[in-house]
1. Output yes when any residue across segment 121-131 is part of a helix (DSSP H, G or I), out of contact with any His (no Cβ under 9 Å at 6 or more places or on another chain), closer than 20 Å to residue 29 by Cβ and modelled with pLDDT of 95 or more, and no when none is.
2. Which of the residues that make up segment 30-47 are without any contact (Cβ under 8 Å) to a residue 40 or more places away in the chain and among the hydrophobic types (A, V, I, L, M, F, W, C)?
3. Go through segment 74-93 and report how many residues are without any contact (Cβ under 8 Å) to a residue 40 or more places away in the chain and among the β-branched types (Val, Ile, Thr).
4. Report the residue count in segment 94-139 for those that are within 14 Å of the chain's Cα centre (by Cα), over 19 Å from residue 50 (Cα atoms) and touching a residue at least 60 places away in the same chain (Cβ under 8 Å).
5. Inside segment 1-90, counting only helices (runs of 4 or more DSSP H) that do not spill past its ends, which hold 2 or more residues that are modelled with pLDDT under 95 and either polar (S, T, N, Q) or surrounded by 10 or more Cβ atoms within 10 Å (Cβ to Cβ) (or both)?
Amino acid sequence: MKLRFFLSLALMALSSPGVLAQGSHDGNWWTGLSHGSKLGVITGFLDGMALGHNLSLMGAGSSTDPGCRTTIAQSYSSVRIMYFRNVGAGDIVAALDDIYTDSENGTIIIGRAVWIAVNRLAGTNEDDIQKLILQSRDLNY
């Protein structure tokens, strides 16, 4: 009985409008979100980074290079410290809002825009930020 209930809920969720047709997660999508939704997206993004890190370490377990796992862990840690230390979800939301105020940046997907945002928050030279922005327009990754 419980299994049928949960299967029914899952099917309803999948058939709900917007679940399968979310479209691109870019600036045009971002600007339509509430502040609370934006915080939720970034919190999920940050949680996803940790999952991705764990998955990359799992995949390195069969490497013939015994230091591979250590190299991956050190790389992740150093980049996380450089770009994400003392940066909260609200800081990233504000930086993304700033990036997406320029309508020409509306096609920049959220993952690329977060990279631009954390670079800006870390103090990357503004000329380099502008290069990242120009490179990121119309990319699908």
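The values are calculated or read from the model by the stated rules, or taken from the named source; none is laboratory data. All values derive from a computational prediction rather than experimental measurement. Please note: Cβ atoms are built from the backbone with ideal geometry, for glycine as well, and neighbour counts cover all protein chains shown.
1. No, that holds for no residue.
2. Taking segment 30-47 as the starting set, the residues that turn out to be without any contact (Cβ under 8 Å) to a residue 40 or more places away in the chain are 32-34, 36-37, 40, 44, 47.
Within segment 30-47, 33 is the sole residue that qualifies.
3. Adding up the residues that qualify gives 3.
4. The number of residues fulfilling the criteria is 3.
5. Numbers: elements: 2-15, 27-30, 35-59, 68-84.
Those helices (runs of 4 or more DSSP H) span 2-15, 35-59, 68-84.
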